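Computed from the coordinates by the stated procedures, all read-outs in this text should not be read as laboratory data. These numbers were taken from a predicted model, which means no experiment stands behind them. Virtual Cβ from ideal backbone geometry, glycine too; neighbours counted across all protein chains shown.
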Amino acid sequence: MQDLYDRLAAHMEHLTMGYPYTDELLELLKEMFTPTEARTALAIPNDLAPLQVVSLEKIAARADLPLPEVTEALESMAARNILFTAPIGDGATGYALLQVGYGLPQTFFWGGKQDETARRMAKLVLNYFKVPITQKIYGGVQTKSFKYSPANMSIEIPMQGVMPNEQIGPIVDAASKIAVAHCPCRMSAKILGRTDCHHSLEVCVKYDEMAEFVIDRGLAREISKDEAHQIMENSEKEGLVHMVDNAQGQIKHTCNCCGHYCWNVGIIRRRKVPRDQLMAVYFIRETEMEECIGCGACADICPVNAVNMVADKPRLDPDWCIGCGVCAIQCPAGVISIRRRMENKGPQNFAQLHQQIKTEKGL
């Protein structure tokens, strides 16, 4: 039996957004999959891009199980939201393994439940996704999966070199379907009894295929573009950071992250992993120091503690600033702007993003 889960762990390690092998991963997989489901999961191709699915027939042809058992296992896993599902060309359901950042560990927490299953999974997820594992997942390639989109919904922040498709407003407007779920990072922390973060929970926004999936599985509710814009504006006022796919188009989700428990902003805030190892950071803050009134509002709200007040003036640490722009929302003097820090604008689209990551990983 151990060999079965070892093989499944190795299989899932080689996904584009895969899971580094540890004993904690084995414990997580044993909780998620029955032996029959594990054998079925081994038949699901691991060379697919995130959100790409294959038919039941293709999975069954690769499996060492009878078709009825494969069908039952796939339906059971889909019902428990431990597989990604989407319609395929003939109207049937296609299936895929959940990839890191695109369903796992999020599906256990998107719906906002705080039952025994959620508590059990929160503990297992916390045990596995420690800082070294997160660093290995995101730090081992040049092309990062995610980036930050500068805040710009509440007020008109001066932005130098920021393209429209890099701003949160046009990202929302480009979507054909939108859903909002609960923040998995803050939900899992809440489930485990951590109460020091008071940021909003229902702020995890999904677009297009991701939206279809979470709505269909009862993990989120469909919202209008107007409500999505309002969520973004409210998030900025709270000091939350827009994290999106590192692509110029076909963005699939916006997480609104905090510095308390979110896997990216929190790790940077605590200086556990160098910023540029973890995320694509295309922008940085600039300040008109002569006009600054020294109020300290920007230092108070900075989600990564990259601003300190020295002699009543803000001092920026350029090695840790993530260019999120939430400080500019709070600035009463309007002296903070956002400028591009590197000319690279990232992959053209979602497919190219994950093809680059796959190539860099040698998969």
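Helix 2-13 axis versus longest C-alpha principal axis of the chain: approximately 40°, rounded to the nearest ten. This model, with +1 at the C-beta of Lys and Arg and -1 at the C-beta of Asp and Glu, gives region 2-99 a dipole about its Cα centre of some 240 debye. The lysines whose alpha-carbon is closer than 17 Å to the alpha-carbon of residue 361, local same-chain residues fewer than 8 away aside, are 136, 144. From the Cα gyration tensor of region 197-244, with a ≥ b ≥ c the square roots of its eigenvalues, which class applies: rounded if a/c is under 1.5, or else prolate if a/b is larger than b/c, or else oblate? Since a/c reaches 1.5 and a/b is larger than b/c, the shape of region 197-244 is classed as prolate.
When each of the peptides 338-345, 38-45, 167-174 is scored by the mean number of other C-beta atoms lying within 10 Å of its residues, the order from highest to lowest reads 38-45, 167-174, 338-345.
Axis of helix 225-238 versus longest Cα principal axis of the chain: the two differ by about 60°, to the nearest ten degrees. Under 24 Å of direct C-alpha separation, and excluding same-chain neighbours fewer than eight residues apart, residue 237 reaches these lysines: 147, 190, 206, 225, 252, 313. Judged by the mean number of other Cβ atoms found within 10 Å, the most tightly packed of the peptides 135-148, 177-190 leads the ranking 177-190, 135-148. Distance between the 7 Å Cα→Cβ label points at residue 126 and residue 31: 1.1 nm. Please state the shape class of region 68-147: rounded when a/c is under 1.5, otherwise prolate if a/b exceeds b/c and oblate if not, all from the C-alpha gyration tensor. Oblate is the answer for region 68-147, as a/c is 1.5 or above yet b/c matches or exceeds a/b.
Taking Cβ atoms as reference points and 12 Å as the exclusive limit, the residues near residue 132 contribute a net charge of +2, counting Lys and Arg as +1 and Asp and Glu as -1. Electrostatic tally near residue 208: other residues with Cβ closer than 10 Å to its Cβ, Lys and Arg +1, Asp and Glu -1, net +1. Dipole magnitude for region 135-356: about 920 debye, using +1 per Lys or Arg Cβ and -1 per Asp or Glu Cβ, origin at the Cα centre.
Computed over neighbours whose Cβ is under 12 Å from that of residue 239, the net charge equals -1, Lys and Arg +1, Asp and Glu -1. For the chain, taking a cut-off of 4.7 Å between Cβ atoms, the unpaired cysteines are 183, 197, 204, 255, 258, 292, 295, 302, 321, 324, 331. In terms of overall dimensions, the C-alpha atoms belonging to region 2-99 reach 40, 26, 22 Å along their principal axes, ordered largest to smallest.
Regarding the chain, what's the average projected area of the Cα-atom convex hull, expressed in nm²? That works out to 17.6 nm², a quarter of the Cα hull's surface.
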